[in-house]
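I have placed the structure first, in the form of structure tokens, so that the comments after it can refer back to it.
Derivation of every value follows stated rules applied to the coordinates shown; laboratory data play no part. Fair warning: this is a prediction, and the values are worked out from it, not measured in the lab. All Cβ positions, even for glycine, are placed from backbone atoms using ideal geometry, and neighbour counts span all protein chains on display.
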Amino acid sequence: MVKLYDKGVYLLNGTEIAEDMQEVRAKTGKEVSQAEAAKETMAYRILADHNTSGDMERLQIKFDKLTSHDITFVGIIQTARASGLEKFPIPYVLTNCHNSLCAVGGTINEDDHMFGLTCAKKYGGVYVPPHQAVIHQYAREMLAGGGKMILGSDSHTRYGALGTMAMGEGGPELVKQLLNKTYDIKMPGVVAVYLDGEPIKGVGPQDVALAIIGATFGNGYVNNKVMEFVGPGVEKLSADFRIGIDVMTTETTCLSSIWKTDETIREFYEIHGREEDYKELKPGDTAYYDGMVYVNLSDIRPMIAMPFHPSNVYTIDEVNANLGDVLHDVEEKAKVSLDGAVDYTLQDKIVDGRLYVEQGIIAGCAGGGFENICAAADIIRGRYIGADEFTFSVYPASTPIYMELVKNGAAADLMQAGTIVKTAFCGPCFGAGDTPANNAFSIRHSTRNFPNREGSKLQSGQIASVALMDARSIAATAANKGFLTPATDIDAEYKGRKYYFDRKIYANRVFDSKGEADPSVEIKFGPNIKDWPKMAALPENLLLKVVSEIHDPVTTTDELIPSGETSSYRSNPLGLAEFALSRKDPAYVGRAKEVQKAQKAIEAGQCPLEVLEELKPVMVKIHETYPEVGSGNLGIGSTIFAVKPGDGSAREQAASCQKVLGGWANIANEYATKRYRSNLINWGMLPFITEEGHESLSFRNGDYIFVPDIRKAVEEKCSEIRAYAVGAGNDWKEIHLKTGDMTDAEREIILKGCLINYYRG
């Protein structure tokens with residue numbers, strides 16, 4: 001199905017693959033340097049158009065538009081306000097598709113929305129009310145444009161199928177854009193995704209996406225690179241099909257995506273009344289790529305990503321044929337993710353030799369598209385889901401899609417079969433809606449299936465599982481009353497309904513300032529909306545206590561700060577921080593706050609040893625080698641170790657929650673994504689790397705790490721940092737840490753203590 005090239009390749013005329021320059025010469029009769037051919041990618045051209053540095057190796061990007069949802073926009077705007085925001089300089093869309101729906105939250109959910117509406121009025125933005133559209137569908141319908149760039153504070157900010165290079169980053173990167181600053185990054189690698197063939201009946205975009213994720217995630221083939229979709233297979237796909245593949249590219253850990261465009265995409269813009277935003281995109285005659293993912297669409301079969309990661313992929317046929325073995329394999333892998341917190345089994349899902357699931361959901365930016373839901377309706381028409389445990393819910397991605405499903409009868413077909421059709425909401429994707437029962441198994445056309453992402457709580461002894469599938473196979477499973485079924489096993493007649501977009505829905509309900517700010521508007525602050533606490537500058541010397549040690553192969557942002565009901569406190573930095581690592585390491589918050597007492601004492605002009613007794617022998621040991629370290633030149637905080645942290649969401653709370661609890665650094669073998677590392681830096685945290693194997697570290701949870709002259713090291717751009725681990729019995733071990741490549745601005749942010757301090761001067 002999927003083949004990865006082990007080196008760079010050339011693409012000739014957008015269709016023909018050449019593996020080296022000799023082959024290029026033989027086929028074209030031309031000599032083109034690799035460097036010049038690399039400029040012929042679509043990605044390079046778009047980045048060049050948006051780069052302000054004059055240096056294509058060190059990019060300083062200014063985006064055309066910004067977008068955020070209600071988990072992130074309060075914190076972003078509060079940070080920007082604290083940094084001097086007066087007006088949104090470019091279009092900024094605030095959507096409200098992540099309603100927490102937390103029963104204990106009182107008014108705080110809607111308070112955040114009113115904050116967003118008044119800020120859109122005051123600073124000149126766009127406000128999309130709850131249930132109108134999920135963030136990415138609104139962006140597709142109203143914001144995307146050929147050759148444009150969009151930055152969003154959600155990791156699945158991907159509009160490449162429409163000719164828009166979009167990136168999902170943490171909130172501080174949007175703050176920079178709001179303050180007329182730039183997004184600074186090295187020129188990323190560009191990997192071609194060559195689509196060939198044509199999908200067979202019953203195969204959908206999620207099937208293709210999961211096949212690509214399965215082939216690329218584990219080996220990091222496209223990590224922090226741009227995926228460029230080319231090849232003759234592209235034109236065989238509808239716009240919705242391309243969008244469905246594109247949105248899932250985040251799960252490969254790529255930086256962004258871009259697709260060649262054609263008349264199909266022109267028609268998409270025409271349908272949405274924005275034909276002027278279409279632009280034809282294609283690579284140059286001879287384009288060089290740093291790698292290639294070859295996908296034969298004809299070979300793709302219905303796929304399933306088993307718990308607990310989108311890369312844990314199988315064909316559904318493979319699962320059904322080897323059910324016991326596959327489930328056992330999943331259970332063994334789960335032991336790593338769940339740390340033995342609960343008893344976990346899937347063997348009880350085998351009923352009469354078949355896999356029975358309790359829940360099916362089609363939702364959000366990945367599953368809630370028009371064609372996905374129409375296909376599901378076609379499959380289940382005339383059938384029913386049954387009256388047992390299995391439930392089936394569908395969330396159209398926007399009200400315009402919902403209305404068209406009502407008009408064309410698809411909604412009626414679904415509802416008659418026992419499906420619950422709901423409004424545009426991201427809840428099932430982040431643990432705030434349709435949480436399954438304990439021990440239940442859910443199949444979803446959504447973006448992620450990390451542990452607890454569905455809303456269960458390990459700390460309360462609850463566990464549920466999610467597998468990712470395409471809407472078509474979910475509907476086929478629903479038609480078989482919960483028994484896992486690939487859509488290729490159902491003889492359905494796909495009507496191929498045409499989509500009609502009614503622009504009036506948004507015109508009548510969405511607040512659009514048209515870029516005009518009204519400074520007279522007073523922002524509405526609910527009682528849970530709090531300012532960021534003050535953060536100290538980086539001290540001359542740093543003493544860190546390791547307060548969490550995580551040895552999982554990958555640590556997701558959902559483990560660093562859980563989603564779901566915790567999002568009720570999304571606008572309260574200290575309130576949200578109480579949930580940091582709560583499902584992975586429940587003791588973390590208490591340990592971090594205990595160490596933070598010492599730093600607070602320092603800032604209050606008191607002796608830290610008076611509030612944290614355990615520091616006394618540690619300081620005695622430090623003074624043996626560094627007698628000058630002490631009052632006025634020492635900062636004390638916490639750090640965590642994780643093998644590879646940062647996979648998953650772009651929300652910066654995974655870093656900021658550590659910071660407000662006194663975190664000064666992370667230590668890792670590597671960082672899963674660029675966006676998580678950037679979040680650490682923007683919140684003034686050192687992104688340390690250790691080359692020590694995670695099973696033979698020189699330090700352990702509870703040890704202290706002394707980093708002398710850290711401020712000088714950052715100022716002098718030292719790539720390697722000498723430090724000392726002070727362990728049990730006051731053992732003293734020299735260790736070496738690296739910070740990796742950082743821009744001058746990033747170093748200054750760390751020196752100042754955070755992005756807010758950096759802009760305050």
_Dipole in debye (nearest 20) - the chain, about Cα centre, beta carbon charges: Lys, Arg +1; Asp, Glu -1_ = 1680 debye
*K717 versus K39, label points 7 Å from Cα toward the beta carbon: distance in nm?*
2.6 nm
*Cα extents of the range 541-760 along the three principal axes, largest first (Å)*: 47, 41, 34
*Any idea what the dipole of the range 541-760 comes to, in debye rounded to 20, about its Cα centre with Lys/Arg Cβ at +1 and Asp/Glu Cβ at -1?*
540 debye
*For the chain, report the translational diffusion coefficient in µm²/s to the nearest whole number, using Stokes-Einstein at 10 °C, 1.306 mPa s, and a Kirkwood Rh over Cα pairs.*
60 µm²/s
*Relative to the compact-globule scaling 2.2 N^0.38 Å, provide the ratio for the alpha-carbon radius of gyration of the range 344-473.*
1.04
*In the chain, with Lys and Arg counted as +1 and Asp and Glu as -1 at Cβ, which of these residues, P205, P451, C119, has the Cα nearest the positive end of the dipole, that is, farthest along it?*
C119
*In whole Å, how far is the Cα centre of the range 568-639 from that of the range 390-432?*
48 Å
_Let me check I've understood the local charge: for E198, count other residues with C-beta under 12 angstrom from its C-beta, Lys and Arg +1, Asp and Glu -1. What total comes out?_
-1
*Could you point to the residue in G340, A410, Q359 farthest towards the positive end of the range 284-411's charge dipole, with +1 and -1 charges on the Cβ of Lys/Arg and Asp/Glu respectively?*
A410
*Take the Cβ-Cβ distance between N296 and T52 as r, set R0 to 45 Å, and report the resulting FRET efficiency rounded to the nearest 0.05.*
0.65
*Give the residue from I640, W732, Q132 lying farthest towards the positive end of the charge dipole for the chain; charges sit on Cβ (+1 for Lys and Arg, -1 for Asp and Glu) and the dipole is referred to the Cα centre.*
Q132
*Between beta-carbons, use under 12 Å as the cut-off and find the net charge around Q462, counting Lys and Arg +1, Asp and Glu -1.*
0
*Between F525 and H328, how many nm apart are label points set 7 Å from Cα along the C-beta direction?*
6.0 nm
*Place a +1 charge on the Cβ of each Lys and Arg in the range 303-497 and a -1 charge on the Cβ of each Asp and Glu, then give the dipole magnitude about the Cα centre in debye, rounded to the nearest 20.*
660 debye
_Quick check: residue separation of K733 and D317 times 0.36 nm, minus the Cα distance between them. What number comes out in nm?_
144.4 nm
*To the nearest 500 deg cm²/dmol, what mean residue ellipticity at 222 nm is calculated for the chain from DSSP H runs of n ≥ 4 alone, each contributing -39,500 (n - 2.57), summed and divided by the residues?*
-8500 deg cm²/dmol
*Give, in nm to one decimal, the length gained when the segment between A745 and A437 is fully stretched (0.36 nm per residue of separation minus the Cα-Cα distance).*
106.1 nm
